Structure formats: structure tokens, C-alpha cells
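Have a look at the structure below before the remarks.
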Amino acid sequence: MPATSQTQFDGVFGTNYVPTDAEVVAIKEILKEPRARLAKIEEELAGIELRARNLRQEREDLNHSIDKYRCLISPVRRLPPDILREVFISCLPDDRNPTMSSDETPMLLTQVSSHWRSVAMTTPGLWASLHIAVPNSNPTFHSSHDSTTGVRLMVSQVTDIRAAAVKEWIARSGTLPLSIALHEWDVYPPTEYCKIFFQCILPFSKRWKNISLSCPAASLADFRKIPPSEVPILQSLSLDITRNSIASSGTEWNDCEIFQAPCIRKFSVTGIHADISEFPLNWAQLTDLTLNSKQWSSTNLTITEITHVLERCSGLVSCRLHVGHGANPGNRTEFPTISLPFLESLWILEESQVPAFFAALDAPKLRKLEYWTSRISLAEPSSLTRLLSNSGGSVQELSTNPHLFAVHDFIQCLRLCPFLTSLSLTSSPLVPPLSHDENSPAPVSNSLLQSFAHLKADDECLCPDLEKLTCLTVAHFSDDALLEFILRKQSSVDKRIKKLKLVNVRFTRRATVDIMPHVSTQISDGLKLSITYPPRTYRGPFSLYDGLPSTIEPDPYFQPFLG
């Protein structure tokens, strides 16, 4: 029976009609021919699928054979060793030092072929940087066992193996300047393992260029004694002192000779219980400074110490400041002007709110600013507003959490950034997203997008140069408002408004409108657009599933601390 033929039952398809016994017999008779035809089609399809499987296997065999010949004539085989070395070096991580893992460069390159291994092992530039992880003396997860044999690994054994590998690694670096990071877990009681690794790198101190140490102060006794003459090319020094040694005296750091190294341009310090302004550094030559506090510490840097340091660092280009709890014990409200004429990048985490301090910063060339705080700003204007007031409208990239300000204060911050090209709105590092009183307007709303797009001639036009918008915090604007914002910005109707290059929004609600089909042209023209919504398992405010067990699968590799 052809698929288009008509029968007496055509009028009852898709209804609740129940055929009689006679009609059931008639229906079965009608189905004989199409069922026979269907069986024949399935038989033919099975034959076609068998033929397709055979062809796919033949194709795989041919590709395998061809690939062996293609490897022989591969251009990379003909590269001179010098060019291959440059390719290898470009494979190194660009945001950190490489580890000794076989899963990444340079160790990965030594496993490809004997030729590549020979070239890699004789390329000093591959081995001139290294991240050293001191074995954790309190392992509580699966990595404390050998992945092949299952035998439990002793920390002392792992330490000996790694220490020998560090020596071999540095030996391959020839005479090149070294970039080394040494990290030890915050463990108690303290161990001697970190000292073993430090002794591996100490003989090469004259080649140290970038040194980062994250370990207990007790492990750095020999480090503090290194004279400036032993580190003649040291340019970057980072010290992160872990918790178990926080009670140590700070006087030993004030006498630290290595701080007098002649070429230090980049300095980072975290967790040192001392007045860092007394360190014998050549502060005036620093271009990059990081002053961090420990969130758990009661001995954080004071705002007075930070002020004294910044007053001496007039050459800074980049700075990170963590103003920790208790940083302003005397509730100081007056500060001298701190001139930072070359500062271009500033990162701030303000736990003790000191708006008067930030009002004293004079940074006319500030281009990139990240500001975070651990509580809703009570001061008006906020620290961020006061800082921006002294920037001369120079800021082009701004990252912050808008929910930690009064709405009008947040808008004022944007007004003070008339040349802003990139805005990133995310949650603060230390606290979950917060919300204002339910009767207060939301900072990230339809009206904000309308101001960016200048939808009405009488409305304020905020940040007309905005090209990149990232919103990874609670967004109270609608899908329709987002679509209107994008279309308006990309339309070039208002010549003062620049087109968007990137929009990245993560909603905490379900989608109401699928805007992607409406912006396909804009995406084709180069707009990078990412809009994500929570999965069905997400439990937002007022969830009907509150109190029920979560259905989200736990991390199979997580194991709780077993003590």
C-alpha cells in the first residue's frame, strides 16, 4: 500500500476512536503489504550498512598506510635544529613556570621521538624556568600512591627523586638566567623538605632572574642571608609566607640582605609579619608591586605602612594592593597625596574600608583597574569613586562587583570612566554575590543597558566607547533589553557609540527569549557573543526544590580531609 493511499480510516487518525473487531481485521489486512515492503527495505539497509562498514574499515586502513608515508615527508622533519628549538620554546606556558610533569612542555617534547628528545635536551631555553612543588607531607588523596603499582609513596622518597630531577633540569639550562618558583603546602608540623629543594637552587643564585617562594619562614633562613652580590641579575622577587610561621618575628626581614639586590624591579610580598616599609629595597626603581594580606591574619599590613611604601614607589607601572582586616587601627582619615605618575594597572581588594586613602592616590595614567571589597560600601562616595575622581577619566578597563555599591554611586563610577572600553562585572573574590534591599533599584538592570546604548536622545549616554561587556554576577536585565542593547550598539545609528567586540553574560534565571537568531548577522560580522543560562538542576531564589537532596553528581576525585 503506497504511503499516500487513502482508506476508510483516514478520518480517525489522531483521535481516540476505538475500531471494532471487524475493523481490526481490516486494518491488519491493510498493513500486510506495507509491512512486507518495510521488511524488504530493512534488509536492503542492512546490506548497505554492511557495505558502509567495510568501506569505512578500508578507508581507515588506507589512511593508516598513507599516514606512515606522510610522516616521512612531513615539513617538521626538515626543520633545522635551530628553528625547531625556537618552536619548542614557544610551546612553554606563558603565564607560569613549567612543571616537571610529562604531560606538558618541555618533558612532553622528549617523548615524541629520539630526534626531538635530543634537540629538547640540548635547548637551554626550555630548562631555564621551573615550578618546584615540594611534596605534601600530609597527602589525603589518591596521588599518595603510585599510579602504576598502587604502592604507597613515602614523602621522603618523592622528595629525593624530585630533588635529583631539579638538579638535572637546571644543569640543562646552561648559563641562562633562571626563573624559579618554589611552593610548599601550609602544613603542620613544619618539615625540612623545602630546605632540600632550596639547597638545590641556591648554588645558582647568580643566575636568578625571577624567584617566587611560597613556604614557611623557617625554610628561608639561608635565603635571608644571601648578599646582593650573589644575585646580580635578580629582577623579580615574590615572597608568600605560609600560615604556620606567621608568629615569627619580623625583625629578621628588616635585615634581609637580598632585598638590596641591585636590579629588582618587581616585588611581591604576602604574610610577612614586619613593617615592609623598613625593608632595604630600592623602592624608587620598582615598576611592579604586590602587597598582599592574609585573610586569616591579625597582623596585616597597616594603611600607614602601605602609604609609606607607595610614597617611595613613584615609578610603579603595575600595583596590587590587599588592604586587609584591621589595616586602619587608628581610623586615619587624612593622607598626603601619593603621586603615581606612571601607574597603568591597579588591582585592589579592600577589606578595611579606607576611602580617604584611595582619594589620596593620584594616578593620571591609570588604564586598567580592578576593585573588590568584602562588604557593601558604607561610605559615599565609595573608595572606588574617590579613586576614579583622581584618574582624569583615563581608565579604559574596569572590573568590579556592582552589587557592593549604592546604585547611584556605581553609576557615578561609570561616569568617571568616559573612555571605558572594557567592563567586567563579577562577584568579589571573598564573598558570594550580595543584593540590595528589595525596594532599592538593581545596579545591573535594563536601564543600565539603555544608558550604554543611548536609546533615547534625552537619556544619559554612559561609556560610549564600550566594546567589551562581561557580566558574571546577578544580572537583572531582560533578554529583550540585552537584544536591544546589542542591536543598537552594532547599528552605527549613533556615531558616538562604538560597536561591541565581545559580550559575555551568565544569567541566574531561565531564558525567556532566544536572542541568538536575531544577532546572527552581528556574529558573522565579528561580534563574540556568549550567553549562558543555568541548567534545570540549578536552584535559584525561592526554589521549589529547597530541602531536597541535590541530584548533582559529586566530584569523583574529591576526598575529604581524613586528618
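The values are calculated or read from the model by the stated rules, or taken from the named source; none is laboratory data. Predicted, not measured: the structure shown is a model, and the values here were computed from it. Here Cβ is always computed from backbone atoms with ideal geometry, including for glycine, and neighbour counts include all displayed protein chains. Please note that ligands, DNA and RNA were not included when accessible areas were found on the heavy atoms of the full protein model with its side chains. Shrake-Rupley method; radii C 1.70, N 1.55, O 1.52, S 1.80 Å.
Summary table
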| item | result |
| --- | --- |
| Mean residue ellipticity (222 nm) of the chain, computed from DSSP H runs ≥ 4 via -39,500 (n - 2.57), nearest 500 | -8500 deg cm²/dmol |
| Per residue, in Å², the accessible surface of region 1-79 once ligands and nucleic acids are set aside, probe 1.4 Å | 92 |
| With at most 11 neighbouring Cβ atoms within 10 Å, loop GluC sites (Glu not before Pro) (DSSP) excluded, longest segment of the chain | 1-191 |
| Protein accessible area in the chain, 1.4 Å probe - carbon and sulfur % | 54 |
| Percent of Cα-Cα distances greater than 26 Å, calculated over region 155-306 | 25 |
| Accessible area (Å², per residue) of region 272-341, counting only protein heavy atoms and a probe of 1.4 Å | 41 |
| Nonlocal amide H pairs with A475, under 5 Å, H built at 1.01 Å | T508 |
| Residues L72 and R224, FRET efficiency given R0 of 51 Å [Cβ-Cβ distance, rounded to 0.05] | 0.35 |
| With eigenvalues of the C-alpha gyration tensor scaled by 5 and rooted, region 315-426, Å | 19, 17, 12 |
| 5 Å binning of all Cα-Cα separations within region 30-128, expressed as whole percents from 0 upward | 2, 11, 13, 12, 9, 8, 7, 6, 6, 5, 5, 5, 5, 4, 2, 1, 0 |
| Rounded to the nearest 10 Å², the accessible area of K499 at probe 1.4 Å | 100 |
| Stretch gain in nm, segment K365-F204, where the contour uses 0.36 nm per residue and the Cα spacing is subtracted | 54.1 nm |
| Separation in nanometres of the label points that stand 7 Å from Cα toward Cβ, at N331 and V493 | 5.3 |
| Over 29 Å between alpha carbons, listed pairs K456/K499; K206/K368; K266/K489; K68/K528; K368/K498 | K206/K368; K266/K489; K68/K528 |
| Calculated over the chain: convex hull of Cα atoms, volume per residue (Å³) | 298 |
| Neighbourhood charge, 13 Å Cβ-Cβ cut-off, centred on T110 and excluding it, Lys, Arg +1 and Asp, Glu -1 | -1 |
| Förster radius 51 Å - calculated FRET efficiency between Y545 and A52, Cβ distance, rounded to 0.05 | 0.65 |
| Rg in Å to one decimal, and Dmax rounded to a whole Å, for region 332-382 via C-alpha atoms | 11.5, 30 |
